[in-house]
Structure formats: C-alpha cells, structure tokens
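Where a number appears in this text, it was derived from the coordinates with a stated rule and is not lab data. Since the model is a prediction, treat every value here as computed from it, not as a measurement.
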Amino acid sequence: MMRKRFPLLKGFVFYLAILLLALITMLPFLWMLSSSFKSAETIRTIPLRWIPEHPSLDGYIRVFNLQGFSFARASFNSLFLAVMSTFVQVMSACMAAFVFTKLPFKGSGKVFGLYIATMMIPGTVTMVPNYVILRVLGLLNTYTGVILPYFANAFGVFLMRQSMLTLNDSYLESAMLDGASLFRVFFKIVLPMVAPTLSTMVLLAFMGSWNSYLWPLIVLTSTDMQTLQVILANMNGMYKSNEHVIMAGAVLTILPILLVYVLSQNRVDSGIALGGLK
C-alpha cells in the first residue's frame with residue numbers, strides 16, 4: 001500500500017513545487033499589470049491591493065504624451081529593428097549551418113569549432129571593438145549599425161546545424177538530380193524540413209533583439225531613432241514619483257513579446273528538442 005502511495009505523493013510534491021515556481025515567476029508581472037491601472041497614490045497604499053478599486057487609464061494616456069519622446073515612434077523603431085535583426089540572424093545562421101552540414105569543405109570542422117568557441121566571449125567585451133568598427137565605417141546613429149553585428153550568431157548556427165544533421169542527404173541528392181539548384185534545395189527542401197527549429201530560432205532572435213537595450217543606447221544617439229527599451233529607461237528617471245506611468249510603459253513594451261510567444265509556443269519545445277539531436 002505504501003509503495004502505491006509513494007509515487008502519488010512524489011507527483012503531488014513535484015507539481016506543487018512547479019506551481020509555486022510559476023507563481024513566483026508571475027508575481028512581478030501581475031503586480032506590474034495591476035499597478036499600471038492605479039494612480040500614483042494608490043500604488044503606495046497599505047495594505048497592498050492587487051485589484052485596484054478604481055481602475056484608471058491615466059498611466060497609459062501619459063505614456064503616449066511624453067515630453068521630449070514619442071512612445072509611438074519608439075515602438076515603430078523597436079519593431080523595425082526587431083524584424084530586420086531577426087531576418088538577418090535567421091537567414092545568416094541557416095545558410096552557415098547548411099554549409100557546415102551539407103557542403104563540407106577542408107577544415108570545416110575546425111572552422112565550426114572556432115566559431116562556436118566565440119560563444120564563450122561575453123557580448124559586452126565585443127561592444128567596444130564593434131563600436132570602433134562602426135565609427136570607422138560611418139555607421140553610428142544608423143539602423144544599419146544596430147543590425148550589422150547580428151550577422152554573426154554562433155548559437156543560431158549551432159542550433160540550426162544540429163537540426164540539419166538529422167536530414168537525410170537522399171532528399172537533397174534526389175532534388176539536385178532532378179535539376180534543382182542549390183538555392184532551391186535550401187529554400188524549398190531544407191528550410192521546410194527544419195521548420196520547428198526555425199520557428200524556435202525566430203522566436204529567440206526576435207526576443208533578443210526586442211529586449212536589447214545597451215547596444216541601441218550606444219549606437220543610436222538621435223531621439224527619434226531610439227527604441228522602446230531606451231525610452232523606458234529614460235521614463236524611469238522622469239517619472240520616479242509616478243510609478244503607474246512606468247508600469248504602463250513596461251506593460252506595453254512586453255505585449256509584442258507575449259503575442260509572438262503565444263503564437264509560436266507550440267513549436268518552441270519541439271524545435272529545441274530537434275535542435276539537440278544528431
């Protein structure tokens with residue numbers, strides 16, 4: 001009897017721990033969402049109220065009427081940079097992975113190992129050399145300067161390579177025997193067959209670019225070109241006594257990430273699992 005109860009107790013403890021971890025993870029977001037509908041006074045009210053008695057949209061209204069900044073313009077800048085950076089990352093990673101897996105050359109293994117080794121170098125270390133290169137090229141305060149470093153994505157190449165290793169070469173050989181070009185094989189056969197991993201790559205790239213703060217802050221000096229993350233940091237200094245405005249801006253900033261994740265979550269787990277197979 002005890003042997004039958006032990007697995008049930010073990011499962012109950014496991015799911016209880018997962019539930020507690022999920023709740024702890026969601027508490028900051030729930031508090032941020034609640035505070036965005038409060039006034040500056042009710043946020044500091046004790047005892048704390050998770051559900052505001054008198055919900056207000058004052059924080060959201062003030063977000064779109066910032067002095068010296070345009071929240072709508074910053075939203076467009078972030079969306080444009082996120083989409084373009086995602087496209088650059090995904091396409092460059094897929095092409096490099098295709099070469100490493102299906103078009104091997106002499107020393108390709110060593111080149112791949114050296115390229116993957118760059119993952120051990122923190123991004124903050126390469127910011128100064130990248131900044132100097134952009135200054136020499138005259139690309140500071142341009143969208144191109146922000147997007148250009150995304151061409152090198154070692155993790156993306158590794159992820160896509162691991163997925164492409166599972167593809168049978170007979171598919172590619174049959175297509176090329178039928179007269180398909182290398183580009184057609186890549187776009188019509190390889191990419192559709194690694195679609196789950198590709199979706200995961202798109203999600204990770206979009207999230208990384210959308211949440212990027214330090215690199216756009218360094219490269220973009222014009223107010224009209226700054227991103228949401230930079231504007232949100234500036235709001236933190238402008239509205240220290242109006243936390244509901246900051247919370248409203250934070251809610252609007254993370255909404256696109258939540259939307260993209262909800263639309264692609266079914267493919268994320270399977271994509272990561274397939275990317276780890278050989």
| Using θ = phi - 60° and the Karplus form 6.51 cos²θ - 1.76 cosθ + 1.60, what ³J(HN,Hα) does each residue of region 170-175 get, whole Hz, x for Gly and Pro? | 5, 5, 5, 5, 5, 5
| For region 188-243, the Rg and Dmax computed from alpha carbons only, in angstrom | 17.2, 56
| When the helix-only estimate is applied to the chain (DSSP H runs of n ≥ 4, each -39,500 (n - 2.57), divided by the residue count), what is the mean residue ellipticity at 222 nm, nearest 500 deg cm²/dmol? | -23000 deg cm²/dmol
| So how far, in whole Å, is the C-alpha centre of region 99-115 from the one of region 208-254? | 40 Å
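Sequence gap at least 6, Cα distance under 8 Å: using those rules, report the relative contact order of the chain to the nearest whole percent.
Numbers: 276 pairs, mean separation 87.6, N = 278.
Dividing the mean separation by the residue count of the chain yields 31 percent.
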| remark: Convex hull around the C-alpha positions of region 202-271: the volume in Å³ per residue is 101 Å³
| message | If I fit a long axis through the Cα atoms of helix 228-238 and take the longest principal axis of the Cα atoms of the chain, what angle between them do I get, 0 to 90°, rounded to 10? | response | 20 degrees
| said: Using Cα springs under 10 Å in a Gaussian network model of the chain, which residue among M26, M84, M225 shows the largest mean-square fluctuation? | reply: M26
| query | So for the chain, Kirkwood radius off the Cα pairs, Stokes-Einstein at 10 °C and 1.306 mPa s: how many µm² s⁻¹? | reply | 72 µm²/s
| query | Can you give the direction-averaged projected area of the convex hull of the alpha-carbon atoms in region 68-119, in nm²? | reply | 5.0 nm²
| remark: In degrees, nearest 10, the alpha-carbon axis of helix 71-102 is tilted away from the dominant principal axis of the alpha carbons of the chain by 20 degrees
